[in-house]
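A short write-up of the structure that comes next.
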Amino acid sequence: MTMIRWDPYREMTSLRQAMDRLLDDTFMWPARSQYEMAGGNLPLDIYQTKDDVVVKAALPGMKPEEVDISITGDTLTIKGEHREEQEVKEAEYIRREHRYGIFSRTVTLPVAIQSEKAQAAFDNGMLVLTLPKAEAMKPKQIKVKAKSALEIAKK
């Protein structure tokens, strides 16, 4: 027969864990989908290169024809609607996290762009927008020419 050492704090620890779990379930929000975690909006990655502003949006399960993109001034809006293919009538869902319905996201772009030259690509659920910067916004190089000190002093 094996002897098991009695630890009086073991029962206290399990009681504490049970209380923590009870309080977490009561006061914490339920699990959310990826769109709700981003503030109820579509999560975006936006960065700029020397010539372009690039916007990336993950739209898993979406089709290109379900997405509408508009640019007004320096404001970009991506919206769309994803419809559920088929409702399962005889099932009782335990958890339902696939997003169906209308979504919209509007952001202000950091620089002026040429909206007529904008391009959108959609591949494997990833939307990539390439928005060329306006000519006035592109960095320009200014070459410094050396002049002799006498020429500068005459002016």
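The values are calculated or read from the model by the stated rules, or taken from the named source; none is laboratory data. Please read these numbers as outputs of a predicted model, since none were measured by experiment. Counting neighbours? That spans all protein chains shown, and the Cβs are built from the backbone with ideal geometry, glycine included.
Exactly one condition in (1) surrounded by fewer than 10 Cβ atoms within 10 Å (Cβ to Cβ); (2) at pLDDT below 70 is false for Arg32; which is it? Exception for Arg32: condition (1). Taking the conditions exactly as written (modelled with pLDDT of 90 or more, within 30 Å of Thr130 (Cα to Cα) and of a type in the set (D, E, K, R)), does Asp74 satisfy them or not? Answer is no for this residue. Picking from residues in the stretch 88-118 that are assigned to a loop (DSSP other than H, G, I, E, B) and charged (D, E, K, R), the one that is modelled with the lowest pLDDT is Arg99.
Residue under question is Arg83, and the condition is that it be of a type outside the set (A, V, I, L, M), within 18 Å of the chain's Cα centre (by Cα), at pLDDT below 90 and over 13 Å from Ser104 (Cα atoms); does it hold? Answer is no for this residue.
For the stretch 105-147, a tally of residues being more than 20 Å from Thr77 (Cβ to Cβ) and surrounded by 14 or more Cβ atoms within 10 Å (Cβ to Cβ) returns 1.
Are any residues in the stretch 35-58 modelled with pLDDT of 75 or more and of a type in the set (A, V, I, L, M, F, W, C), and if so, which ones? Matches in the stretch 35-58: Leu42, Leu44, Ile46, Val53, Val54, Val55, Ala57, Ala58.
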